[in-house]
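The structure follows.
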Amino acid sequence: MKRGRPFQGGLSQRALEKGDLSLNEQTTVTCSGAVNLSVERVAVATLPTEWGEFKIAGYRSLISEEEFVVLFKGELRREIPTLVRIHSQCLTGDVFASTKCDCGAQLHQTMRMIQQEGRGAIVYQQQEGRGIGILNKIRAYALQDEGADTVQANEQLGLAVDLREYRQCAEILFDLGLCHVRVISNNPLKLRALEEAGLKIIERVSIQVESTERAANYLRTKKEKLGHLLHIDG
Ligand SMILES: [Zn+2]
């Protein structure tokens, strides 16, 4: 059973907001997490996209049924601080261009950023709806139609607000040859988990996409209840 963990750690909120994670001198991070991987690379292919040509790799977990997809490009080396993102699957946002959230826009913006940089990786983690699955997510959306916010809806369904785990995502980045990373994320829980897994986080690269009014409410909840580091207009 996967469980989400609250964000508690040595990194101060201020350090996170500044995007400066190297301030935390007690942290003895090494890339030793690269040994004994619990994921296995299955195949790698070329993927031309609207925003440029990427490589796509498929990974499977050796300890669960979970599968992962990674988009990456450029020469990936441990000593080069590299743009990375852990993107959690959002069928409604990524595929159907839902305006209830900003996931699809964030994914595409990240692809553009990596294309521009010429180097980087996106781990696409198939944990829909922060790990609750697509059917529960639609049940939660039904409650949101009645006025609940994203956190209240999960609570009403008796589901944890965030069930995601990120260790294997970090392992995939190790396997691709990375260690020093610049993480594109507004989620302190993800940053903490990647650091605990042994990645050296050189920088947090914040991501802001233009949001619709509907998505703004969702983002406000993420900021206020889930601790996301967001600036929201209005
Ligand atoms: Zn979404």
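The values are calculated or read from the model by the stated rules, or taken from the named source; none is laboratory data. Note that this is a predicted model, so its numbers are computed, not measured. As a convention, Cβ positions derive from the backbone with ideal geometry for all residues, glycine included, and neighbour counts pool all protein chains shown. The protein model used for the area step is the full one, side chains on, heavy atoms only, and it has no ligands, DNA or RNA in it. Shrake-Rupley method; radii C 1.70, N 1.55, O 1.52, S 1.80 Å.
Kindly indicate whether TYR166 is open to solvent by less than 50 Å² (accessible area, probe 1.4 Å), aromatic (Phe, Trp, Tyr), within 14 Å of the ligand (Cβ to nearest atom) and within 20 Å of LEU226 (Cβ to Cβ). Even if it seems obvious, please write down each step before you answer.
On the way: open to solvent by less than 50 Å² (accessible area, probe 1.4 Å): yes; aromatic (Phe, Trp, Tyr): yes; within 14 Å of the ligand (Cβ to nearest atom): no; within 20 Å of LEU226 (Cβ to Cβ): yes.
When the stated conditions are applied, TYR166 does not pass them.
Within 21 Å of GLU65 (Cα to Cα), crowded, with 16+ Cβ neighbours inside 10 Å and small (Gly, Ala, Ser): which single residue out of GLY129, GLY104 fits that description?
Working: GLY104 fails: within 21 Å of GLU65 (Cα to Cα).
Only one candidate passes the filter, namely GLY129.
From the set of residues in region 50-99 that are among the β-branched types (Val, Ile, Thr) and buried (at least 19 other Cβ atoms within 10 Å of the Cβ), which is nearest to the ligand (Cβ to nearest atom)?
If we filter region 50-99 for residues that are among the β-branched types (Val, Ile, Thr), which is where we start, we get 56, 63, 69-70, 80, 82, 84, 86, 92, 95, 99.
Pick out the ones that are also buried (at least 19 other Cβ atoms within 10 Å of the Cβ) and you get 70, 82, 84, 86, 92.
On the way: VAL70: 19, THR82: 25, VAL84: 19, ILE86: 14, THR92: 6 Å.
Filtering first and then ranking leaves THR92.
So is GLN109 in contact with a Gly (Cβ under 7 Å, 6 or more places away or on another chain), of a type in the set (S, T, N, Q), more than 11 Å from the ligand (Cβ to nearest atom) and under 22 Å from ILE56 (Cβ atoms) or not? Give the derivation first.
Working: in contact with a Gly (Cβ under 7 Å, 6 or more places away or on another chain): no; of a type in the set (S, T, N, Q): yes; more than 11 Å from the ligand (Cβ to nearest atom): yes; under 22 Å from ILE56 (Cβ atoms): yes.
Judged against the criteria, GLN109 is not a match.
From the list VAL123, VAL181, which one is buried (at least 23 other Cβ atoms within 10 Å of the Cβ) and in contact with a Pro (Cβ under 9 Å, 6 or more places away or on another chain)? Lay out the reasoning, then the answer.
Details: VAL123 fails: in contact with a Pro (Cβ under 9 Å, 6 or more places away or on another chain).
The match here is VAL181.
Residues LYS190, LYS200: which one is modelled with pLDDT of 85 or more and open to solvent by 50 Å² or more (accessible area, probe 1.4 Å)?
Step by step, each of LYS190, LYS200 is checked, and only LYS200 is modelled with pLDDT of 85 or more and open to solvent by 50 Å² or more (accessible area, probe 1.4 Å).
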